[in-house]
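Remarks on the structure that follows.
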2 protein chains.
Amino acid sequence: MVEAKQDRRVQKTQQALQNALIELILEKGYDAVMIQDILDRANVGRSTFYAHYTDKEALLMSRLDQLRGAFEEHFQAVQGISSGVQLNLPLFVLRYVEHEHQLFKALFGKRGSGKYTSHLHTFLLKFVRDILKSYGVHLPTYERELVAHYITQTFLSMLVWWVDNNMPCSAEDLYGLLMRLIEPGLKDVLHTSTLWA
Amino acid sequence: MVEAKQDRRVQKTQQALQNALIELILEKGYDAVMIQDILDRANVGRSTFYAHYTDKEALLMSRLDQLRGAFEEHFQAVQGISSGVQLNLPLFVLRYVEHEHQLFKALFGKRGSGKYTSHLHTFLLKFVRDILKSYGVHLPTYERELVAHYITQTFLSMLVWWVDNNMPCSAEDLYGLLMRLIEPGLKDVLHTSTLWA
DNA sequence: TCCGTAATCGAACACTGTGTTTCGTTTCTT
DNA sequence: AAGAAACGAAACACAGTGTTCGATTACGGA
């Protein structure tokens, strides 16, 4: 790991700006947050902000990248430990979301920007398409595409519902109910036993 | 019907503005459309715009209301004809969307504002909740709520996928596949045969 | 500890897009 | 034909964004 040792001031400033934005999103919603609000909350000068980020979106995106990095790191770690044991990916994701629920709520919840939800959607969709392909599912192209969107969208929107409502049930319960809802239909349409497992 | 006879100029202006906005949304996306673009396209003066609408959102909302009105009218008409025969609501909706697909794409598609999709979501959610209630489904509250969101979100997102991709299959095919996907799971979780029908 | 360097502040600035106002002109209704 | 209503054009105030620059402060290596 090549840690480009950063100036303490830089760290402090970026941290303060990111936290301020997350807080403000949860309070007033992404669109209503003005740059000036962020500066006041973080106690940072205007020119300093633009020295680090091109705009509000870049600031949030940097936090998103940071999150993705942390997630992948955690994923590698867990995979390393439980080598051999089959890892349940969706449930693993849910547990991670539970752990960082504030951030997820700000990024992907009702008050988020919507743009980030669609980024995540695109990311997950690619993933789901690969899984379908790896299971050798053969369907008319439009059907395969619809199923991929169905799985992606269902998982994502249930996840967003979950965090937006402050997680009214455990990750396990959510996962269990979700599987009971979608597995029978998928089994029927795809003629397979289970995906992911 | 009390038609408040409108000045021809008013009709022409409002029509031109609404059409211009829809066109521009499909071309560059809602957020990228500036008032000035609308004015240029519709060939309408700035002050005239603000004499009719408070802002861009109000303009689109007026078109949405208009659409809702037309839909309800059509719904009443069809219900009147086929009285006695059971009406399949979801399929009916899909056929209507197919008929006005351009408008739906602009309002609810990728390039739309996102705000309108969530309006529609809220509307459909209320509907689905009522259906669940009328079927006397008894589940832990969070489960009932999750199922309601699941049904709503699935229907809505498949619909959006459909119009965004220029309807790669017929309304009937979409409906058929969607039902095959969700009915088995719902039957299992809700212990009922079929909803809507 | 000291010094060069880099980050920060703050204030002023230009710019873009929104919404308002006014007034002269056009076009509808009766 | 006449009064009323809608329209267009231009000027305006305003809010929020992003830039610039010189003075100040804090950091990290020697």
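In region B:121-141, the qualifying residues are those that are closer than 30 Å to B:Ile25 by Cα and of a type outside the set (A, V, I, L, M), and the one that is surrounded by the most Cβ atoms within 10 Å (Cβ to Cβ) is B:His121.
For region B:31-46, a tally of residues being more than 27 Å from A:Asp31 (Cβ to Cβ) and near DNA strand C (Cβ under 9 Å from one of its atoms) returns 1.
The condition of being under 18 Å from A:Trp161 (Cβ atoms) and surrounded by fewer than 17 Cβ atoms within 10 Å (Cβ to Cβ) holds for only one of A:Ser118, A:Ser82, A:Ser62, that being A:Ser118.
Residues to consider are A:Tyr150, A:Tyr135, A:Tyr175, A:Tyr142; find the one that is more than 8 Å from every other protein chain (Cβ to nearest Cβ), under 27 Å from B:Tyr175 (Cβ atoms) and among the aromatic types (Phe, Trp, Tyr). Before the answer, list the steps.
Working: A:Tyr150 fails: more than 8 Å from every other protein chain (Cβ to nearest Cβ); A:Tyr175 fails: under 27 Å from B:Tyr175 (Cβ atoms); A:Tyr142 fails: more than 8 Å from every other protein chain (Cβ to nearest Cβ).
Step by step, each of A:Tyr150, A:Tyr135, A:Tyr175, A:Tyr142 is checked, and only A:Tyr135 is more than 8 Å from every other protein chain (Cβ to nearest Cβ), under 27 Å from B:Tyr175 (Cβ atoms) and among the aromatic types (Phe, Trp, Tyr).
The condition of being near DNA strand D (Cβ under 10 Å from one of its atoms), under 24 Å from A:Phe108 (Cα atoms) and either of a type in the set (D, E, K, R) or not in a helix (DSSP H, G or I) (or both) holds for only one of A:Glu27, A:Glu57, that being A:Glu57.
Against the test of being without any contact (Cβ under 8 Å) to a residue 24 or more places away in the chain and closer than 25 Å to A:Phe123 by Cβ, the options A:Leu87, A:Leu91, A:Leu59 yield a single qualifying residue, A:Leu87. Taking the stated definitions as given, is B:Asp40 more than 9 Å from DNA strand D (Cβ to nearest atom), in contact (Cβ under 8 Å) with a residue 60 or more places away in the chain and in a helix (DSSP H, G or I)? So B:Asp40 does not fit the description; no. Taking every residue in region B:132-156 that is on the phi < 0 side of the Ramachandran plot and pairing it with any residue that is modelled with pLDDT under 95 and not in a helix (DSSP H, G or I), at least 6 positions away or on another chain, the pairs with Cβ-Cβ distances below 6 Å are B:Tyr135/B:Thr192. Just to be sure, is B:Ala77 among the aliphatic types (A, V, I, L, M), more than 21 Å from B:Tyr116 (Cα to Cα) and more than 16 Å from DNA strand D (Cβ to nearest atom)? The answer is yes for B:Ala77. Condition first: free of Cβ contacts under 8 Å to residues at least 60 places away in the same chain and within 14 Å of DNA strand C (Cβ to nearest atom). Can you find one or more residues in region B:23-30 that meet it? Yes, there is a match, as at least one residue in region B:23-30 is free of Cβ contacts under 8 Å to residues at least 60 places away in the same chain and within 14 Å of DNA strand C (Cβ to nearest atom). In region A:9-22, the condition of being within 14 Å of chain B (Cβ to nearest Cβ), within 11 Å of DNA strand D (Cβ to nearest atom) and assigned to a helix (DSSP H, G or I) is met by no residue.
The values are calculated or read from the model by the stated rules, or taken from the named source; none is laboratory data. Nothing here was measured: the structure is a model prediction, and the numbers come from that model. Virtual Cβ from ideal backbone geometry, glycine too; neighbours counted across all protein chains shown.
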